[in-house]
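Q: Please read through the structure below; I'll follow up with questions.
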Amino acid sequence: ELLLHNKSTCSWSLAAGRADSLTEPCPDVLVSRQVSAKFGRQVYLPQRFLYGLLPDALLERYKYWRCDSSGKVEQLVGEEREVQDTPMRVYVFLEPGASGALATVYRTPLKRPDPAEQAQHPCQWEELKDAPTEALVNLQKSSPVLAHLLARLDNLSHVLAWADASGNPGVRAIELPRLQLSFTRSGQRLHCNQHRGFWLMERDCSAAIQGLVSQWGGGTVLLENTAGEILVLVSALAEPVRSAGTGLVEGILPKQLVFRRGEAAWISNLAEGSRHYYYPVHISGTFAFTPTLSASLYLLLCRFFTWSFADIAGMASTISEVSTSEEKQLWDRIHLLAGSAHHIDAVACCLRLAFATAPFGGTTASVLRWDMSRLLFEYVRKRHLVSAACALSCQQELHLLDLLSDTQGPSPLAPELSVRRSILQALTSEDDSSREVSLRLGPHPEDVGFDRTVDQTYAVEMGFLERMSAAFHDVAYSRPETEKMSHVDAVIFLDSLFSGDGMATLNAPFPLLYELFTGTVVVEPVAGDDPLSLASVLLRIVARHGGKNASFSVLRALELNPQVCQEMPKWGSDELTWSFAIGSFKFDKHSTAKLLEAAAQRLRSLEHSLAQPPAFKPAPVVQDKIAITGGSVKNLLYWAAPLTDNVLCHARHLNPELAGQFGAKPLGAIA
């Protein structure tokens, strides 16, 4: 399949073709016959040899025989594969051209023999003498505007335009065999043979009708009659699909769709004679009528693709039970779209359809296999963003939540859905008394964290526990062998600090972080990295729970005051070691406790010049309950999007800036 773009309608369609492949020569079998003296000896020409030379519509209807010829012009005779109500014979004359072979195609009607002579072969049937012979017209060269118009309905390989072979100019008839549509010229108009009194509209229409037609995604043509009535014609063979990412076509917008035409599986489910849909347009031009449920579902599917959500919400209540294979096929495509719906208006439209089809159950319920839990969850979370035209009423939303609860049986609803259901039950209650509804969705997150903690433990003298903890760090800390690490060595060292997956496995003791802050150990994964930034990141991981102690308070002060890092005592200095002797051997040991105490003392001496951590206000108390008066749903404004906390009619809080502009003027002057 090849993707074709119609520039005049900005629409896409998929067409079959073999222009990008070559067929290698191979042994063949020639099939010849001689059944008529008029044509002489004929050789059968396989269909694949005529791809690209003749329209696919002629190749599918006729089989071709090549007649013997001695000149440059070769003649092919097309014989119907299945005899039609109006039998035809096609003549194809091939002659060499400047850029390849040129084909001139004629057709003439045949005279049906008497029933007694029915056994006669169709190639022996006589041609009607009084019927005019017609010549095939290349619309792309003779009428490009008309070609672009008809390309909205079907690929041009399945559009046949015929002119009078006697020399009268202009297109005489147009046929779209796959759609069972045909047009005949009368005067300056192409009248539709299937819709009596209507002709093909080739003039510009009003802006309202243009907006209406855009909901089909470009695959439409318009018919009109003398009374000013308008019909929208759509191909039932065109399956609306959306491009999967940018692999198929780059630049397709979310509201654009692609028409896959002629798919065998899609056509097999269409009802007999259902090859196109028509929609009468209201005199206002703002909406169209849907004569059949299949036509309604096709319009619904196209509106999902083109994001015409307000119109979907308006027609959702008209959907009834599906029964035919054609209707089930359209429902299945809508189900695929609903399964990936995230736009809040699309979610609301899916819920409206579920509400409309819920009373039918049976076939419709089995076809509409939507994940109602996910859709309701999306709607409850994003309902403040839904447009007024698509929003569900409280009763509709509560009904769907009740259906979901009944479907799940003993399994409870998700907390957000359960709370929303309780609120709706209170709002829609006939009882006017006030009741409390729980809003608790689960455990509240604790208001803790690194930045929420104000730790100034270094400002007081170290106690016994801090000294013991520091002594433990003396044993646990293994100082890096290299004081400056970069590139791969730095990455390997950082990886060694984690004993497993996740932040909880980080092992970065106080001496290591202190050395990173003071610069006695430098780790640079990339040349020029700021070592203080790395030290800050590791500190925030280690102290992410907001604990307080002497070591964390010193490190927090260094992070807030990088200008004092070089003035701090350094690890390994003589005054921060303790010595002991065993016999004649003397040992020096670095002391974390002495380092911590010296660092704290240094910070206390600089306290007047240190930046202090900001103090955040405590988190507001979460309201777990709300009082709702039964029946108050009657006072809500559903035509307005609920973007304010108070949507009742008792009061409105205006923006102070706007209040000064409007509140100081008489209403009459403003009007």
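The values are calculated or read from the model by the stated rules, or taken from the named source; none is laboratory data. The model shown is predicted, which means the values in this text are computed figures rather than measured ones. Every residue, glycine among them, receives a Cβ derived from its backbone with ideal geometry; neighbour counts consider all protein chains shown. Each accessible area value is taken on the protein alone, full model and side chains, heavy atoms only, with ligands, DNA and RNA left out. Shrake-Rupley method; radii C 1.70, N 1.55, O 1.52, S 1.80 Å.
Q: Keeping all protein chains in position, work out how much accessible area residue 191 exposes to a 1.4 Å probe, and write it in Å² to the nearest 10.
A: 50
Q: Using a 1.4 angstrom probe with every protein chain in place, what is the largest-first accessible-area order of 154, 164, 28, 204?
A: Working: 154 0, 164 35, 28 100, 204 135 Å².
Correct descending sequence by accessible area is 204, 28, 164, 154.
Q: Taking 32 Å as the cut-off for C-alpha to C-alpha distance, list the pairs among 63/141; 63/129; 141/328; 72/141 that go past it.
A: Listed pairs above 32 Å: 141/328.
Q: Taking square-rooted eigenvalues a ≥ b ≥ c of the alpha carbon gyration tensor, is the stretch 520-577 rounded, prolate or oblate, where a/c under 1.5 means rounded and, failing that, a/b exceeding b/c means prolate? Show your work: numbers first, answer last.
A: Details: a/c = 1.77, a/b = 1.02, b/c = 1.74.
Oblate.
Q: Could you pull the accessible area for residue 484 with a 1.4 Å probe, rounded to 10 Å²?
A: 130
Q: Rounded to the nearest 0.05, what FRET efficiency do residue 522 and residue 444 have when you use their Cβ-Cβ distance and R0 = 51 Å? All intermediate terms of the calculation are to be shown ahead of the outcome.
A: Details: r = 43 Å, r/R0 = 0.83.
According to the calculation, E is roughly 0.75.
Q: Could you sort 186, 387 by accessible area so the largest value comes first, with the probe set to 1.4 Å?
A: Values: 186 70, 387 40 Å².
Greatest to least solvent exposure: 186, 387.
Q: What percentage of the solvent-accessible surface of the stretch 23-82, computed with a 1.4 Å probe over protein heavy atoms, is contributed by carbon and sulfur atoms? Intermediate values should be presented prior to the final figure.
A: Working: 1950 of 3830 Å².
So the carbon and sulfur contribution to the accessible surface is 51 percent.
Q: Any idea of the accessible area per residue across the stretch 56-156, 1.4 Å probe, to the nearest Å²?
A: On the way: 5700 Å² over 101 residues.
Here the residues of the stretch 56-156 average 56 Å² of exposed surface.
Q: Compute the signed sum of charges (Lys and Arg +1, Asp and Glu -1) over the other residues within less than 13 Å, Cβ to Cβ, of residue 418.
A: Numbers: positive: 420, 421, 440; negative: 402, 416.
Every neighbour counted, the sum reads +1.
Q: Continuing with this model, one more query. Rank these residues by their accessible area, most exposed first, probe 1.4 Å: 571, 162. All intermediate terms of the calculation are to be shown ahead of the outcome.
A: Values: 571 35, 162 0 Å².
Per-residue accessible area, sorted high to low, gives 571, 162.
Q: Counting only the heavy atoms of the protein chains, how much of residue 492 is accessible to a 1.4 Å probe, in Å² to the nearest 10?
A: Surface accessible to solvent at residue 492 totals approximately 100 Å².
Q: Also, I was wondering about something else. Given R₀ = 25 Å, what would the calculated FRET efficiency be for residue 332 paired with residue 202, taking r from the Cβ atoms and rounding to 0.05? List each step's numbers first, then the result.
A: Numbers: r = 36 Å, r/R0 = 1.45.
It comes to 0.10.
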